[in-house]
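Quick note: the coordinates plus some simple rules give every number you see, no bench work behind them. Note that the structure is a prediction, hence the values are computed from the model and not measured. We place every Cβ from the backbone using ideal geometry, glycine too, and count neighbours over all the protein chains shown.
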Amino acid sequence: MGFVKEFKEFAVKGNVLDLAVAVVIGAAFGAIVKSLVEDIITPAVLTPALKAAKLSNLSELVIPGTAIKYGNFLSQVISFIIIALSLFVIIMIINRFKKKEEEAPTVAPVPTKEELLLAEIRDILAKKA
């Protein structure tokens with residue numbers, strides 16, 4: 001019975017739940033970024049290049065006489081670069097917000113009655129010594 005109890009404690013810990021939520025949100029965000037890259041950014045960037053090469057799709061880029069489709073590889077590299085750049089910009093913006101929060105002046109906490117009393121006792125004892 002101890003194994004089941006330990007597993008329940010592990011599975012319900014805040015860190016595990018936070019990680020589960022992060023994975024789900026990450027998957028949803030990944031789908032949004034993938035759509036942005038494949039449906040908006042990549043066609044906008046590649047359409048002029050494909051027209052110049054007289055192609056309609058990157059998968060048509062092959063090494064003549066072989067089955068090597070380097071166009072698909074180029075598409076994935078471009079998608080990776082755009083995703084990495086997007087994440088970099090998002091993290092940069094988040095870090096700016098965090099800096100603004102850190103820069104806000106913090107007010108020193110007001111000592112409690114107990115702390116004031118202990119300070120008085122300390123001062124009295126220091127005078128006696």
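Helix 42-52 versus the longest principal axis of the chain: what angle, 0 to 90°, nearest 10, using Cα atoms?
Compared with the principal axis, the helix lies near 30 degrees.
Please list 16-22, 31-37 highest first by mean number of surrounding beta-carbon atoms within 10 Å per residue.
Top to bottom by mean Cβ count within 10 Å: 31-37, 16-22.
Going by a ≥ b ≥ c, the root eigenvalues of the Cα gyration tensor, does segment 49-129 fall in the rounded group (a/c under 1.5), the prolate group (a/b larger than b/c) or the oblate group?
Judged from the Cα gyration tensor, segment 49-129 comes out prolate (a/c at least 1.5, a/b above b/c).
Return the single residue from A84, A11, A44 with maximal mean-square fluctuation; model: Gaussian network over the chain, springs between Cα atoms under 10 Å.
It is A11.
I want to verify a result. In a Gaussian network model of the chain, Cα cutoff 10 Å, which of these has the top mean-square fluctuation: N95, N15, N72?
Result: N15 has the largest fluctuation of those listed.
In debye, nearest 20, what is the charge dipole magnitude of segment 2-104 about its Cα centre with +1 on Lys and Arg Cβ and -1 on Asp and Glu Cβ, if you could check?
Here the size comes out at about 140 debye.
Distance between the C-alpha centers of segment 2-42 and segment 62-76? Whole Å please.
Comparing the Cα centres of segment 2-42 and segment 62-76, I get a distance of 34 Å.
For segment 1-113, rounded, prolate or oblate, judged on the Cα gyration tensor with a ≥ b ≥ c (square roots of eigenvalues), a/c < 1.5 rounded, else prolate if a/b > b/c?
Oblate shape, in that a/c is at least 1.5 and b/c is the bigger or equal ratio.
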